[in-house]
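S.K.: One structure, pasted below without further comment.
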Amino acid sequence: MGAPTNLKYTKDHEWIRVESGNIAYVGITDFAQGELGELVFIEVDTVGDELNSGEVFGTVEAVKTTAELFLPVAGKILEFNSILDESDGDNPGIINSDPYGEGWIIKMEVQNPEELNELMSAEAYDELVG
């Protein structure tokens, strides 16, 4: 699966999709979920926090490993996807089946939209993961 062209990407395999104004959704790429394998737990305890680009906003736990999640751009974490939350939907596997759709991890308010220009295009990300 090639990287969708309506998203921006990080070298750490996160994607960001800007919706209306400065509201954006963040998740991990299809490549990342494939490398991690079956996801069993997602933790995001930064809702309400303002973080800088590159700061850890959560973790994903797979059967074999745990990986940190890095914020693509600075901003405020507004929401954790309730489908993934163990106290609500508890279905982290949705990331394995739909990483760019229902498998988004956080909703955020982008602090400085100019930072989006520093991220990779779909073409550049596809080259990275080749």
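S.K.: Reachable lysines from K64, Cα under 29 Å, same-chain residues fewer than 8 places away excluded?
M.R.: Reachable lysines: K8, K11, K107.
S.K.: Counting trypsin sites (Lys or Arg not before Pro) as exposed when in a DSSP loop with at most 14 other beta carbons within 10 Å, what is the longest stretch of the chain free of them?
M.R.: Working: sites that count: K11, K64.
Formally, the longest exposed-site-free interval is 65-130.
S.K.: Hey, another quick one. With the dipole of the range 8-130 worked out from charges on the C-beta (+1 for Lys and Arg, -1 for Asp and Glu) around the Cα centre, which of V26, T46, I94 lies farthest toward the positive end?
M.R.: Going by the charge dipole, the pick is V26.
S.K.: Please report, to one decimal in angstroms, the Kirkwood hydrodynamic radius of the chain built from all distinct Cα-Cα pairs. Write out the running numbers ahead of the final one.
M.R.: On the way: mean 1/r = 0.0693 Å⁻¹.
Over the chain, the inverse of the mean reciprocal pair distance is 14.4 Å.
Rule-based calculations on the coordinates, nothing more; no lab input. Predicted model, so just to flag it, every value in this text is computed and none were measured. Every residue, glycine as well, gets a Cβ built from its backbone with ideal geometry; the counts of neighbours run over all protein chains shown.
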